[in-house]
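Down below is the structure, laid out as structure tokens.
Since every read-out is calculated from the coordinates, none of them should be taken as a lab result. Small disclaimer: the values here were computed from a predicted structure and weren't measured. Note that each Cβ is placed from the backbone with ideal geometry, even for glycine, and that neighbours are counted across all protein chains shown.
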Amino acid sequence: MRLLLVEDEKSLSRALCSILEDNGYSVDPVYDGEDAIAFANSEIYDGIILDVMIPKKNGFEVLESIRKSGNMIPVLILSARSRVDDRVKGLDLGANDYLTKPFSPKELLARIRAMSRVKLAEPDTTLRVGNIILDKSTHELSSTAGNFHLANKEFQMMEQFMSHPKRVYSIDFFIEKIWGYESDAEQNLVWTYVSYLRKKLKVLHADVKIKAYRNTGYSLEPCDD
């Protein structure tokens, strides 16, 4: 599970990163509201841990911006502001949970696990684009012509394409989303996985294709007539 941590107090941010990474989470820290919005909208995260009192844009403004953009990523607010009005405001703006400082690391981890279950509980397990269906629970890509079980990285890439048809994704986006910021993965890995998916779509007689845009990236689009 990949988390975005928004906390401007760097010593606390480092401590939280250490706790989370020791418990198997991948964490990217940012320190102000503008970066928080930019990183959140990259759509590579499974959840956000968000402080309220941060520079440039406060946590409430960040949360409001994220939700207005249609991004429903789970958000856990961490804040020293413990008044009922503050907690109500955060929840009304779309936070999934609100934890006041100081807090126990055990409680933080429990809240994150609960937050992740919210995402896992989403009822729609299939994506459909054209005559192609992707089952998110089984990683099966299918059409009336047959089906394939996708390997994990193939699935992550195809899920992204089918979640936002006609959207152009850069190679850097896929490297960060699938292999991670710290990965030494290179462009040819993305090319390889795009090639795998193209071959499967051809066998399935798909009426959509992965189109390359020179110096820009890839997009899932209807086949030419």
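Key figures
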| quantity | calculated |
| --- | --- |
| Packing-based order for 12-19, 208-215, using average beta carbon neighbours within 10 Å, highest first | 12-19, 208-215 |
| Under the span-like rule (Cα at least 20 Å along the axis, Kyte-Doolittle mean at least -1.0), DSSP H helices of the chain | 105-120, 187-203 |
| Cross-link pairs 57/211; 136/166; 177/200 - those with Cα-Cα distance over 31 Å | 57/211 |
| Helix-only mean residue ellipticity at 222 nm for the chain, each DSSP H run of n ≥ 4 adding -39500 (n - 2.57), per residue, nearest 500 | -12000 deg cm²/dmol |
| Length-normalised contact order of the chain in % [C-alpha pairs under 8 Å, at least 6 apart] | 13 |
| Share of pairwise Cα separations in the chain, more than 20 Å, in percent | 63 |
| Alpha-carbon Rg/Rh ratio, for region 126-222, with Rh computed the Kirkwood way | 0.94 |
| Cβ crowding within 10 Å averaged over residues, with 62-75, 98-111 ranked highest first | 62-75, 98-111 |
| Cα gyration tensor, region 2-120 - rounded (a/c under 1.5), prolate or oblate | rounded |
